[in-house]
Structures are given as C-alpha cells and as structure tokens.
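One structure is given here, and the rest of the page talks about it.
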Amino acid sequence: MSTARTIAPAARSQRSRRDNIHGWAFSAPFLVFFLMFLVWPMISGAVMSLTGKSLTGANSGFIGLANYTEAFADSDMWRSLGNTLYFTLISTVPLVVIALALAAIVNMGLPAQWLWRLSFFSPFLLASTVVSLFFAWMYNPELGLFNDLLAKLGIPPVAWLNDPAVAMWAIVIATVWWTVGFNFLLYLAALQNIPQQHYEAASLDGAGGWRQFFSISLPQLGPTTVMIVILQILASLKVFDQIYQMTEGGPGGATRSIVQYVFEAGFTGYRLGYSAAISYIFFGLILVIALAQVFITRKRSA
C-alpha cells in the first residue's frame, strides 16, 4: 500500500513534466516569431534611439538622450503629431456615428440585406493604393467628380488636396468611405445579438421605434461602442498610407502624419537613430491611450 502511494506522486510528476514539454513544443513556433519580430525589434529600436546611427550604418556610437532632446524641440515633429491627433479626432467621430447609423438602418429588416451589407463593407476590402488613386481622381480640380457636382450647384471649385484648410478633410472623407464597413459589421453583429423579447416588451408598453433605439439598442451597444472607439483611435493614430499616397504630407506639411515623419527622418534624412527616438515618443502616446482604455473598461465593469 505504501509502495503504491509512493509511486502515484512520481507518476503524476512525470506526466506533468511530459505535459509541460508538449506545451512548450506547441508554443515554440509562436514564441520564436514573437521574439524575432516583436521583442527583438523593440529592444533594437530602443538601443538605436540612443545612438546617432545613420542609414549607412555610420555614427552608431552611443549619444544618450540627445535624440530625444532634439525631438522634443523639433517643431516639425510636434506639427506632425498635431496633424495625427487632428486626423484621429475628425475621423473617429464619423467612423463611429455613420457605422452605427448604417447598422441600425440595415437591422430594420430592409429587403435584400446581403446587398446592403456587401455595399457597405466591400470598400474595406480594397487596397489603400486603389482608394487613394480613386479619390485623387475625384478630387482633381479640373476633371474631378466633386468639383463637377459643386459646379452644378453653383459653388466655386475647391482645391481639395492643395488647400491646407481642406486637404485633411478630403483625406478623412476618403478614409471614412474606405473603412466604415468594418465598424458597420461590428455594430450590426451587436444589434442582432440583442434579444427580441426586449423590443417586444417595449412595444407592448407602447414604445415607438426611436424610443426603443435610445432606451434598448444604445445601452446594449455600450461595450461595442467602447471597443470600436478604442480600435478606431489606435488605427487612426497609425495613419500613413492614404496620406502619403494622396498628398505626400502636403501642402506645406499640413497633412503629414507622425508615422510619415518617422519614415522621412529615417529613410529620407538617413537618421535612423533620430527616427527611432520619435517612434518611441509616439509609442509612449499610444501606451497612454491603451492604459486609458484599460482604466475605462475596468471602471465600466466595476
């Protein structure tokens, strides 16, 4: 009896050790790629930001926080960061509100729902280059569709991508058309998960469509809205493709985002160390927003 009791813990320990080995074997491919493509680039970038390394590999000596000091005094960096925050602000609101409105309309039970879903979501599947070229043509001052429509309304033509006061809004219009379909699908899925019994009970109490929407749908969509807002803010902060392809940051730097400034500092200015320092300042901003997300989420759950 005592021998059996001695063998049982040993067998359990051996089985546990074998399960751990199997677990690590299954996790190993992910861990290798995680270390190679996330952890190591982060460490390498942090070290590089403390050097004066150029694109040619010269001047790779340690210079301390000189790049960070220069970046905090760089007016172009602050302007690019301001452009990014401005784009994030004026694009996030319509991307949330329009997506909610489209999802609510489709959820009303319109005929041929597959056609509405396809129409709203299909632009999201396009490549950024296609969208940029498409809107660059429509924004053409002489031959573009938008100025043609304005002319029919008796409104003077607008230099959509050449006017510093309008260029960012033109990019936002293109971005909303391109990406609103993703948020639309999230909202539609959330709306269809709301139990119909809630609406039936509200109807019995005499609540109309608007009353049901504001008293049942919107409160139920709260967690989805928080998730969409956070995802949208993080996506907008990383804007680069459409701006670079449509305006290259112009006119006069009015639409240059912080990611484009990092790209230009590293690959046009040949200053990899300085561009890495700007990247980590931007990373700090995203980290603050992510922590705010955690705080808001926990506060809502409490």
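Just a few scattered comments:
- On inspection, ILE98 qualifies as part of a helix (DSSP H, G or I), more than 17 Å from LYS238 (Cβ to Cβ) and modelled with pLDDT of 95 or more.
- Scoring THR225 on the criteria (1) touching a helix residue (DSSP H, G or I) at 6+ places or on another chain (Cβ under 8 Å); (2) more than 26 Å from ARG298 (Cα to Cα) leaves a single failure, condition (2).
- The number of residues in segment 181-217 being open to solvent by 60 Å² or more (accessible area, probe 1.4 Å) and β-branched (Val, Ile, Thr) comes to 0.
- Residue in segment 211-221 that is touching a helix residue (DSSP H, G or I) at 6+ places or on another chain (Cβ under 9 Å), at pLDDT 90 or above and closer than 30 Å to LEU287 by Cβ present: yes
- Residue in segment 248-269 that is farthest from the chain's Cα centre (by Cα), counting only those that are within 20 Å of MET138 (Cα to Cα) and open to solvent by 20 Å² or more (accessible area, probe 1.4 Å): PRO251
- Criterion (in contact (Cβ under 8 Å) with a residue 60 or more places away in the chain, within 21 Å of GLY181 (Cβ to Cβ) and of a type outside the set (Ser, Thr, Tyr)) met by exactly one of GLN245, GLN293: GLN245
- Inter-residue pairs, beta-carbon under 7 Å, first among the aliphatic types (A, V, I, L, M) and in segment 113-126, second crowded, with 16+ Cβ neighbours inside 10 Å, 6+ apart: LEU126/TRP178
- Residue in segment 40-58 that is closer than 30 Å to GLY284 by Cβ, in contact (Cβ under 8 Å) with a residue 12 or more places away in the chain and open to solvent by 80 Å² or more (accessible area, probe 1.4 Å) present: yes
- Output for segment 77-122, where each listed residue is of a type outside the set (A, V, I, L, M), open to solvent by less than 50 Å² (accessible area, probe 1.4 Å) and under 29 Å from TYR261 (Cβ atoms): SER80, GLY82, ASN83, THR84, PHE87, THR88, SER91, THR92, PRO94
- When segment 270-302 is limited to residues that are of a type in the set (Gly, Ala, Ser), modelled with pLDDT under 90 and open to solvent by 40 Å² or more (accessible area, probe 1.4 Å), the one that is nearest to VAL47 (Cα to Cα) turns out to be ALA292.
- Here the condition is being in contact with a Phe, Trp or Tyr (Cβ under 6 Å, 6 or more places away or on another chain) and not in a helix (DSSP H, G or I); of VAL239, VAL259, it holds for VAL239 alone.
- The set of residues in segment 262-279 being assigned to a helix (DSSP H, G or I) and in contact (Cβ under 8 Å) with a residue 60 or more places away in the chain consists of GLY266, PHE267, LEU272, GLY273, TYR274, ALA276, ALA277, ILE278, SER279.
- Filter pass, ASN162 being open to solvent by 30 Å² or more (accessible area, probe 1.4 Å), closer than 30 Å to ALA127 by Cβ, touching a residue at least 24 places away in the same chain (Cβ under 8 Å) and not hydrophobic (A, V, I, L, M, F, W, C): yes
- Scope segment 135-147; condition open to solvent by less than 70 Å² (accessible area, probe 1.4 Å) and part of a helix (DSSP H, G or I); matching residues: PHE135, ALA136, MET138, PHE146, ASN147
The values are calculated or read from the model by the stated rules, or taken from the named source; none is laboratory data. Since we're looking at a predicted model, the values are computed, not measured. Cβ sites come from the backbone with ideal geometry, for glycine too, and all protein chains shown count toward neighbours. Surface areas here come from the heavy atoms of the whole protein model, side chains and all, with no ligands, DNA or RNA. Shrake-Rupley method; radii C 1.70, N 1.55, O 1.52, S 1.80 Å.
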